[in-house]
Structure formats: C-alpha cells, structure tokens
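Step one of this worksheet: look at the structure below.
No value in this document is a laboratory result; all are computed from the given coordinates. These numbers were taken from a predicted model, which means no experiment stands behind them. Here the Cβ positions follow ideal geometry from the backbone for every residue, glycine too, while neighbour counts run over all protein chains shown.
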Amino acid sequence: MTTKTAKRTRIVACGVFKPAIEHLRLANRYPNLRFTYLPPVLHITPQKLEQHLLRRITAAQRKDERIICLYGECIPDLSNVCQYQGVMKVPGHSCYEMLLGNERFEQFIDETAGTYFLEKDLIINFREYCIEPLELDDEEMRDCYFQHYRKLLYVRQPTDPDLISQAHDLADFLELSLSVSDADYSHLEKSLIRLI
Amino acid sequence: MSEFKALIEAVTKGDISKAVAETQKAIDAGGFIQAIIDEGLIAAMDEVGDNFSKGTIFVPQMLRSAKTMQECMKLLEPLLKEGDTSSKGKVIIGTVKGDLHDIGKNLVAMMMEGAGFTVTDLGVDVSPEKFVQKAQEVEPDIVAISALLSTTMPAMPQTIEALQKAGIRDKVKVIIGGAPVTAKYAQEIKADSYGADAGSAVTEAKKLMGIS
C-alpha cells in the first residue's frame, strides 16, 4: 500500500494509542507516516496538555506535514481548535469511544449512564493519575467523586498485558462492579486510514 | 488585619474542627453574625476561589474548604434573624440530562452559597423540563447549568431553548460551566455568562447581578 501523496503525514497522538498504532503496523503500511506521542499523564493538567499538543502541531506545520490529531475531546473545544489549525481530528469524544466504536460506546452509556471507563494506562497508573491528585485514599473524597458511578468498564485491547486482577482491585477500592469489553482496533483502524 | 484571621486560615486549610471552634469563639464574643459570615467565611472562600483560579490549590482542597464553610454555617444559620441578611440573589443549579458528574457543580453551589446567594441544587441528570419547572417555581435570578462531558453539552442549548419556550428566558440570566465548556460555546448557545471554574463562576454570577 502506498500513500496518496508524497507529503509526509504526522499523527500526533496520546500515548495510550501507541500500542494500537504499533499493533496495526501503520508505519510499515504507510512509509510517509510519522508519529508523535504525548504522555497520557498530561491529562491531569489540561492546560499543559493543550500547550504540548499545540506545540507539536506547530512543529509539524513548520515541516509542512499533514497532521492527524488522535485525541478525544480531552481539552475544551479541541475539534474546533483542530479545524482552525487545519488539522484533521480522528472523530470521537474519548479514547474509549475511539477504541470501542461510537455505536458500542453509546450502548454502554445508554445501559448504565454511571459507567466509569478504564484502559490499560489508567489501570496501571491509577494511583498517579487519580488516587493521589484527587486524594481518593480519603473515603469522603472517594464518595464525592464516585457516588454516582455504578460500574467500571475495562476496555481491554489486544496488546494489553493481563490486568484483570488490577482492574478487580480498583473495582473493590471504588466499590463498583467490574465489566470487561474487548476492543479489537477495527474501528480505530478505519478512522485512521480514512484520514491517512 | 482581619479579626477573623484564624477563622479564615482554618477555612482555607479545610480544618473543620478549628474553623468550627473559631466560629463558636466569634459567636461567644458577641460578634455580629453577618460580620462573621462576610468578613470570615466569605472572605475565606474568596481566597480559596482565587487560589483555585491561580492553580495553587486543587479540587480536593477546595472541596474541603467548602465543606468547612458549610459546617461553620450550621452554627450561624440558626442565629440569623429574618432580615439580618439579604440574599445576593437566587440561583438554581444542576448538571444537564445524561450527565452524572457533580463535583464542579457542587463546588459552584457551595461557593455561591458562601458568597451569599440562595442556591437551589437540582442535582445531576437534570432534564430541560425540570430546569424550567424549577425556574417557574423558584423564580431565580440565575440558572446555572453544568456539563462535564462533551457528549452531554448539547443539553445546554436544549435547556436554554426550553427556558425560551416557557417564556422565562428573559427573566433569568443563564451561566454555564464544566470541563469541556468554553466562553465561545457560551456565546454560541446564547448563555449570558461562562464560569471557567468555581471561583470565577461566583465572580460572573456577581457581575450578572450587578454586585461585583
């Protein structure tokens, strides 16, 4: 397979998508494709995330690269920001929706509005991303943040290590039931290829 | 220097027992109840709001301070005689339909109460119809609408439209807020104001009431 044009295309993506992109072997299939991954921990500080993302977009624009933004609506108004910058954004409000596909994601939300989604990176780093900044070791704080949630949904990817035990520990800690749903990358692949 | 320095410090630190003790001390000393509220609790929460806006404190600290203020208010409210205090305005607040997130909304509600507004909290997953029904019942000055998810943001213009259809849009000011919300979006959906965080939501509410 060859690229449509000789112009280089850069995917600026959240690091949570790195295993998926490597699994899909996009670099081999599209030689003009380049990748920039930003650390998922930036989600804790959305202003920093915005700064880093815009910096990477500007750097790619200086190199005259086509840019694909692989992020959910993780900072306010990201779709419009991308449109304004002439950047193509992969459709989807969150990484969970991109991994599961819109239809399945909506189905989960419709079934249980109080669903808290998890993916590999969040499970592994839950202490750093959530417990410490939100002081969730304090039962009162935990109740404040999670009182309306009813279940945890682990969106398991084909490249994930075995995280079931850690996911169960989190479910126990948050006093929520745990469900697991497998995401096979087919939706993500279609969305990306459409833009590449 | 404020005579309520210790109380302000306890509230900003979220030290409930110390703040309650300082409030009791001020009551026992015969202080004016409204002065304890205005120069103690509200001053403290103004500081908390500023610190949050500057990014020097985060949500957990702000929640603790707001809870501390609420505990202090429990001591003061029974002592307030009718006419002793005047509300800065009536606010109804809720998280839009389909959205169960309420941390931000609760913070705004607590901060607004702290700033002297009378707040009716409609909770989470509030339909446009319920906003309208409560607005007709309470006759608020401000309707505050929160959404945390980009997927639930469309319920904000739906709520504004419902207020319009019910013929009460011009009787209330609408302020919106939440993580995915921007000032531009507020303009697009014809809200009157936008609060970037709990502290600025209070500032904006005061502006809407002409008391900033």
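State the extension gain, in nm to one decimal, for the chain segment bounded by B:I211 and B:I27, taking 0.36 nm per residue of separation less the distance between their alpha-carbons.
Numbers: separation 184, 0.36 × 184 = 66.24 nm, distance 2.76 nm.
Working it through step by step, the gained length comes to 63.5 nm.
When the scattering of chain A is computed by the Debye formula from its Cα atoms alone, each counted once and equally, what is log10 I(q)/I(0) at q = 0.11 Å⁻¹? Computed log10 I(q)/I(0) values: -0.54.
First check a/c for the protein assembly as shown, with a ≥ b ≥ c the square roots of the eigenvalues of its C-alpha gyration tensor; if it is under 1.5, answer rounded, and if not, answer prolate when a/b is larger than b/c or oblate otherwise. Prolate, since a/c reaches 1.5 and a/b exceeds b/c. By the gyration tensor of its Cα atoms, with a ≥ b ≥ c the square roots of the eigenvalues, what is the shape of region A:96-196: rounded for a/c under 1.5, prolate for a/b over b/c, or oblate? Verdict is prolate for region A:96-196. With a Förster radius of 22 Å applied to the beta-carbon distance between A:I44 and B:L75, the computed FRET efficiency rounds to 0.05. Above 19 Å, the calculated P(r) of region B:5-79 contains 26 percent of its Cα-Cα pairs.
Computed over region B:3-139, the quotient of the alpha carbon radius of gyration and 2.2 N^0.38 Å is 1.11. Estimated from helices alone, the mean residue ellipticity of the protein assembly as shown at 222 nm is -13500 deg cm²/dmol (sum of -39500 (n - 2.57) over DSSP H runs with n ≥ 4, per residue).
Apply 1/(1 + (r/R0)^6) to the Cβ-Cβ distance of A:S165 and A:I193, taking R0 = 45 Å, and write down the FRET efficiency to the nearest 0.05. The pair A:S165/A:I193 has a calculated efficiency of 0.80. The trypsin sites (Lys or Arg not before Pro) of region B:1-97 that meet both conditions, a loop assignment by DSSP and at most 16 other Cβ atoms within 10 Å of the site Cβ, are B:K81. In the structure shown, the pairs A:K48/A:K151; B:K74/B:K173; B:K13/B:K206; B:K67/B:K207; A:K151/B:K13; B:K105/B:K206 are assessed against 27 Å; a Cα-Cα span above that value is assigned to A:K48/A:K151; B:K74/B:K173; A:K151/B:K13.
When both region A:87-153 and region B:134-149 are represented by their alpha-carbon centers, they are found 27 Å apart.
Could you give the length gained by full extension between A:D143 and A:A27, i.e. 0.36 nm per residue of separation minus their alpha carbon distance, to one decimal place?
Values: separation 116, 0.36 × 116 = 41.76 nm, distance 4.43 nm.
Taking 0.36 nm per residue and subtracting the Cα distance, the gain is 37.3 nm.
Between B:Q187 and A:R55, the modelled labels are 2.8 nm apart [label points 7 Å from Cα along Cα→Cβ]. Among residues other than B:M112 with Cβ under 14 Å from its Cβ, the summed charge is 0 (Lys and Arg +1, Asp and Glu -1).
Out of the GluC sites (Glu not before Pro) in region B:63-150, which ones are loop residues according to DSSP with at most 16 other C-beta atoms within 10 Å? It would help to have the intermediate numbers written out before the result.
Values: sites: B:E71, B:E82, B:E113, B:E129, B:E137; in loops: B:E82.
Counting only loop positions with at most 16 other Cβ atoms within 10 Å, the GluC sites (Glu not before Pro) in region B:63-150 are B:E82.
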